There are 2 protein chains.
Amino acid sequence: MKAEIFSTGDEIRSGALIDSNTAYIAEKLEENGIEVMRHISCGDDLQVLVEIIREIGGRADIAVVTGGLGPTTDDLTSEAAAKAAGVKLVLDQESLTHIRAMFKKFNRPMSPSNEKQAMFPEGSSVLKNPAGTAPGFSIKIGKCTFFFMPGVPFEMKKMLSDHVLPALLQLQEGIRKYSIVRTITTFGLGESIVGEKVADIVNEFKDIKLGLRATFPEIHVKLYLRGEDEKKMNETLGYAVNRIVDRIGPNIISINGNPMEKAVGELLGTKSATLAIAESCTGGLIADLITGVSGSSDYFLFSGVTYSNESKIKILGVNPETLKQHGAVSIETAREMAEGARRVSGADYAVSTSGIAGPDGGSEEKPVGTVCIGLAAPHGSTAKKWTSPYGNLSASYGSRERNKRWFAMMALEMLRRELLGMAL
Amino acid sequence: MKAEIFSTGDEIRSGALIDSNTAYIAEKLEENGIEVMRHISCGDDLQVLVEIIREIGGRADIAVVTGGLGPTTDDLTSEAAAKAAGVKLVLDQESLTHIRAMFKKFNRPMSPSNEKQAMFPEGSSVLKNPAGTAPGFSIKIGKCTFFFMPGVPFEMKKMLSDHVLPALLQLQEGIRKYSIVRTITTFGLGESIVGEKVADIVNEFKDIKLGLRATFPEIHVKLYLRGEDEKKMNETLGYAVNRIVDRIGPNIISINGNPMEKAVGELLGTKSATLAIAESCTGGLIADLITGVSGSSDYFLFSGVTYSNESKIKILGVNPETLKQHGAVSIETAREMAEGARRVSGADYAVSTSGIAGPDGGSEEKPVGTVCIGLAAPHGSTAKKWTSPYGNLSASYGSRERNKRWFAMMALEMLRRELLGMAL
């Protein structure tokens, strides 16, 4: 079955918004053995919307459409679908009741324009949206079955997995093929290096398709395999994964797609050890990553985001002499920060960061991108100085954000290797 | 002039790679007064490539194409362009010399396949690529002038600014148009409410196009205006913005597109006041947002991410009795957390959060989504209890993440209104 993905909205058309929905949907369709042929985007322009829907209707078997289901005047997708199908819009009472309920739940006043969200092309089947006010709908136009979904990513994702993918698998019936994806998370090697290391292993398996995805600063290696014999496929993938693990070794964070913070959390869990953090240049990002994992309260106790020297001294007990002699961005200060966080919180482990995220504040001796990371463990403490590969990018490339993120990942990587007894 | 953007490559088609080039190009074209009508993507499939190029050739005035100019067998763009134009590929000696020189410079061995990169459709003009080995080219197919560029972002960006945009401005000659966008950031009103409040104001200005963008949980109102008289356009937009400010009032965070954390930072700056934070359920997110703003070290002193009760007591001096009597998630605890953060850091203002981000940990009396936010100011402290509209969404679509973010925004909103002397 040939699919096309159609994303609508002026923010996407004009480039104000990067369309990440389409890549997400494409990946899910491919994983389910459906071949994506084209992506198309256009703005909130009724005529263009109708044109494109008709084109797709004459070309594809399946189309997944996002955006334009909102209540505002520039939400035109339902109207366009009706025009393209040559039917009128009709009210779906059940959806209207749902929309009213959602507004009650969020206790927001419901405006008349929201009733528009309960109008669908005649003959279409409604796709429930438990996450928001805009239901989706499915309708056949030309030779193509269309699935219209809202553009809000988390609403779209929920609707895709709950309603669209199951429906697609039914449409496939008989020709159903299994499609398995394994994701290996790596950190510390460039995309091209990872690509080279992995490519010739994957090439030995003629059925496995390789995908590399840079979810900065991690590189995710994705192995796609399609076929009928699920058990055999899993064996093949397992074997390929092991080969890749042997090849890339310590730079592998997880072989189940878990990101760094989750992998570290699991390691702390298995050791039933607790963690504290002292953050200067990362400004709370490490704590935010760690606490983004549900259940992190089992091992995470405290992070002191000590931006000022005074707070480093008062909260973490850093020695003023250390700050005076070596400065805030120094191995010595980072080490005392980690020791302090561990001491005041009573945690088993602590990591700390002190560095220059930029774009300002760099110097000859300590350029933007410099970070000192401290690590305090039951058996003692250490600290290391690193330089972010993104330090010298101009601010317009988001060097500050990238540096902060790289610093945070590097601190978690030092902790991860400590917990695994691995050298760094 | 109507433009389309066409990005090619299997990584994009399959979703392994998010296509950020297209948004970048769209923005640049719009800034230069060229209206982007459609984005299209497809994989490395010669037939589909030819089809799409022919379609665009019959529809658009200008097309900007990226990808498929590399040396490998699945780089098919030049061949597809030649087929679509009905001409043959010819060698460009100058490009071949350049490619050889590049390989020397990077001292990498040049493979015969790289010579392919010097082959262009007959009659096209070559676009130099100082940043890489793959030159681009421009050729008219149908009624459309195509610009083919490599997909490597920094090569594409350089070629776009050096060769493509200047050529486009020439094509526009007299009909040069300006395109201005103004962004108003709002918080606390639903997208549909904002849409209604704004729509009838914008409708009074026939040339202004309205776009609403939900960058959760902020709603951004975007006003697009195109025309020849830049000065007059700015006046018109300024007038429209003032009207919208009168209408939406206190829910407007900024009229220059600044997000909450930046708006709050500027308010602290103008008051030359300092800030401390005490975070439980937000887990460092508020500090991360605040420190994401360059220069935040001028006003941000400290955040205590006190996840455990012990750390609330030891670091922030919360009274154990308060925790025992009212629990961690209580107005009383939140208030003492804020007072503690302000006291230990010596900051002028402090905000605190204690709540239940979920998905676990909720109760009858304190369901997931409950948050208590404390605010300590020079003249005294207060605390309020709120419920996130996303509290009862299931974890599978990010209720934890959304609750954390909403909690953080609500805390910053309380601070913002305090700094403006506004009621909440």
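The values are calculated or read from the model by the stated rules, or taken from the named source; none is laboratory data. Predicted, not measured: the structure shown is a model, and the values here were computed from it. FYI the Cβ positions are ideal-geometry reconstructions off the backbone, even for glycines, and counts take in every protein chain you see. Heads up: the accessible areas ignore ligands, DNA and RNA and are worked out on the full protein's heavy atoms, side chains in. Shrake-Rupley method; radii C 1.70, N 1.55, O 1.52, S 1.80 Å.
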Scan of region B:20-41 for residues that are outside any strand (DSSP E or B), at the interface with chain A (Cβ under 7 Å from one of its Cβ atoms) and open to solvent by 30 Å² or more (accessible area, probe 1.4 Å), ordered by number: B:Ser20, B:Tyr24, B:Glu27
Report yes if some residue within region A:219-235 is under 21 Å from A:Val305 (Cα atoms) and either among the aliphatic types (A, V, I, L, M) or touching a residue at least 12 places away in the same chain (Cβ under 8 Å) (or both); otherwise report no. no
Members of region A:49-60 found to be crowded, with 18+ Cβ neighbours inside 10 Å and in a loop (DSSP other than H, G, I, E, B), listed by number: A:Ala60
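Looking for whichever is open to solvent by 40 Å² or more (accessible area, probe 1.4 Å) and within 24 Å of B:Glu196 (Cα to Cα) here; the options are A:Leu46, A:Leu69. Which one fits?
Working: A:Leu69 fails: open to solvent by 40 Å² or more (accessible area, probe 1.4 Å).
Going through A:Leu46, A:Leu69 in turn, just one is open to solvent by 40 Å² or more (accessible area, probe 1.4 Å) and within 24 Å of B:Glu196 (Cα to Cα): A:Leu46.
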In region B:6-15, residue farthest from the other protein chains (Cβ to nearest Cβ) [restricted to those that are crowded, with 22+ Cβ neighbours inside 10 Å and not in a strand (DSSP E or B)]: B:Gly9
The residue that is modelled with the highest pLDDT, considering only those in region A:358-388 that are assigned to a loop (DSSP other than H, G, I, E, B) and in contact with a Phe, Trp or Tyr (Cβ under 7 Å, 6 or more places away or on another chain), is A:Gly369
As an exercise: evaluate A:Leu301 against (1) within 30 Å of B:Gly355 (Cβ to Cβ); (2) more than 8 Å from chain B (Cβ to nearest Cβ); (3) open to solvent by 20 Å² or more (accessible area, probe 1.4 Å); (4) among the hydrophobic types (A, V, I, L, M, F, W, C) and give the number of the one condition it does not meet. (2)
Look at A:Met414 and say whether it is modelled with pLDDT of 95 or more, under 25 Å from the mean Cα position of the chain (by Cα), closer than 28 Å to B:Leu316 by Cβ and part of a helix (DSSP H, G or I). yes
Conditions (1) surrounded by 14 or more Cβ atoms within 10 Å (Cβ to Cβ); (2) within 14 Å of chain B (Cβ to nearest Cβ) -> A:Ala263 fails only (2)
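So which strands (runs of 3 or more DSSP E) stay within region B:122-209 end to end and still have 3 or more residues that are within 30 Å of B:Pro259 (Cβ to Cβ) and within 14 Å of chain A (Cβ to nearest Cβ)? Break it down into steps so the answer makes sense when it comes.
On the way: elements: B:125-127, B:136-141, B:144-149, B:178-187.
Here the list reads B:178-187.
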Within the group B:Ala63, B:Ala3, which residue is in contact (Cβ under 8 Å) with a residue 12 or more places away in the chain, closer than 25 Å to B:Pro130 by Cα and either at the interface with another protein chain (Cβ under 8 Å from one of its Cβ atoms) or not in a helix (DSSP H, G or I) (or both)? B:Ala63
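When you look at B:Ala263, is it over 16 Å from B:Leu420 (Cα atoms), outside any loop (DSSP other than H, G, I, E, B) and of a type in the set (Gly, Ala, Ser), yes or no? Please lay out each step first, then the result.
Details: over 16 Å from B:Leu420 (Cα atoms): no; outside any loop (DSSP other than H, G, I, E, B): yes; of a type in the set (Gly, Ala, Ser): yes.
Criteria not met by B:Ala263.
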Consider A:Gly269 carefully, then state whether it is open to solvent by less than 20 Å² (accessible area, probe 1.4 Å) and either modelled with pLDDT under 95 or under 23 Å from A:Ala411 (Cβ atoms) (or both). no
